[in-house]
Amino acid sequence: MADSRNILIDCALVLHDLLSNTSIEIDRPHIRYGLIITIQLHQSQLEGLAASSIGPRVVFIEINPVDNDYLFADTLPIDFNFVLFPLLEVLIISNHPILCLHLTAEQTPALECLHVEETGPLPLEYFLVELPQLKTLTIKSVSIADSKRFGSSLSRCPLLEYLTINTIWFNQLRYQPVAGTNQTLLLPACREVDIRKCERLKFLKLWVPRLREITLQPGSEFIKVNMLNRRPTGFNA
């Protein structure tokens with residue numbers, strides 16, 4: 001994150017009342033905001049937040065509904081693909097469904113830390129994370145329908161230092177035969193890699209020249225891992 005002396009998070013705004021309004025306008029242009037959202041969030045609310053006067057000044061968002069006993073039955077997934085948070089540095093999504101994990105420099109150019117956990121029984125439609133400033137990525141208890149861009153997109157995060165992937169189901173496609181996936185991760189800045197219980201991950205290639213610590217734990221099937229000494233030629237990441 002940016003130096004705390006330069007960015008002021010005015011307060012942690014619990015948005016139960018704020019997001020019930022059709023517009024959000026706070027005339028404090030010098031303030032940076034951290035938002036803790038403890039309710040079920042609708043797409044219209046997310047888009048309204050991004051378009052408000054707060055949106056361009058948000059540096060921290062945590063979405064974690066307090067009441068998650070409903071098992072996502074009445075909650076529609078949200079999608080960050082169509083919203084812009086230009087200063088957002090930290091995004092945490094827990095216990096809330098999301099349509100897909102599509103985050104690039106077009107939506108969140110300053111994002112440094114991304115944590116996604118427990119997104120519900122329906123799989124993400126696809127995974128595309130290409131973030132030039134991302135340093136820490138944690139994904140836990142998530143299923144992905146289309147995972148073909150998983151490794152290639154993460155390989156476009158040149159500053160990624162800490163990667164944690166725990167309990168992931170790849171290729172959760174409806175009405176199609178279950179197939180395994182091969183993934184290649186090229187992580188030039190990564191120091192720590194923790195990959196555990198990735199179902200249907202058959203073959204993993206890793207190029208991590210600055211690696212200090214690695215943990216690999218297979219799911220129900222054996223994973224073949226190839227640690228590369230050099231960046232593979234012809235890999236379009």
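When you check Pro121 against the structure, is it surrounded by fewer than 19 Cβ atoms within 10 Å (Cβ to Cβ), touching a Pro at 6+ places or on another chain (Cβ under 8 Å) and modelled with pLDDT under 95, yes or no?
When the stated conditions are applied, Pro121 does not pass them.
Collect the residues in the range 58-86 that are open to solvent by less than 90 Å² (accessible area, probe 1.4 Å) and modelled with pLDDT under 70, keeping them in residue-number order.
Within the range 58-86, Asn68, Tyr70, Phe72, Ala73 meet the criteria.
Could you pull out the residue among Leu111, Leu160 that is open to solvent by less than 10 Å² (accessible area, probe 1.4 Å) and farther than 22 Å from Phe82 by Cβ?
Going through Leu111, Leu160 in turn, the sole match is Leu160.
Spot the failing condition for Cys190; the list is (1) free of Cβ contacts under 8 Å to residues at least 40 places away in the same chain; (2) part of a loop (DSSP other than H, G, I, E, B); (3) under 18 Å from Leu91 (Cα atoms), and only one is missed.
Every listed condition holds for Cys190 apart from (3).
Do you know which residues across the range 126-142 are open to solvent by less than 10 Å² (accessible area, probe 1.4 Å) and either modelled with pLDDT under 95 or in a strand (DSSP E or B) (or both)?
Phe127, Val129, Leu137, Ile139, Val142
Yes/no per residue for (1) more than 19 Å from Glu221 (Cα to Cα); (2) out of contact with any Cys (no Cβ under 7 Å at 6 or more places or on another chain); (3) not hydrophobic (A, V, I, L, M, F, W, C):
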position: Leu103; (1), (2), (3): yes, yes, no
position: Glu106; (1), (2), (3): yes, yes, yes
position: Pro109; (1), (2), (3): yes, yes, yes
position: Lys140; (1), (2), (3): no, yes, yes
position: Ile144; (1), (2), (3): no, yes, no
position: Cys157; (1), (2), (3): yes, yes, no
position: Glu161; (1), (2), (3): yes, no, yes
position: Ile165; (1), (2), (3): no, no, no
position: Leu185; (1), (2), (3): yes, yes, no
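What pairs can you find where one residue is in the range 90-117 and on the phi > 0 side of the Ramachandran plot, the other is open to solvent by less than 10 Å² (accessible area, probe 1.4 Å) and in a loop (DSSP other than H, G, I, E, B), and their Cβ atoms are less than 6 Å apart, with a gap of 6+ or different chains?
If the second residue must be open to solvent by less than 10 Å² (accessible area, probe 1.4 Å) and in a loop (DSSP other than H, G, I, E, B), the pairs left are Asn95/Pro65.
Test of understanding: among Arg210, Arg196, Arg174, which residue is among the basic types (Lys, Arg), modelled with pLDDT of 90 or more and within 19 Å of Leu124 (Cβ to Cβ)?
None of the others qualify; the one that does is Arg196.
The values are calculated or read from the model by the stated rules, or taken from the named source; none is laboratory data. Worth saying up front: this structure is predicted, and the values here are computed from it rather than measured. Glycine gets a Cβ as well: all are built from the backbone with ideal geometry, and neighbour counts include every protein chain shown. Keep in mind that these areas ignore ligands, DNA and RNA; they rest on the heavy atoms of the full protein, side chains included. Shrake-Rupley method; radii C 1.70, N 1.55, O 1.52, S 1.80 Å.
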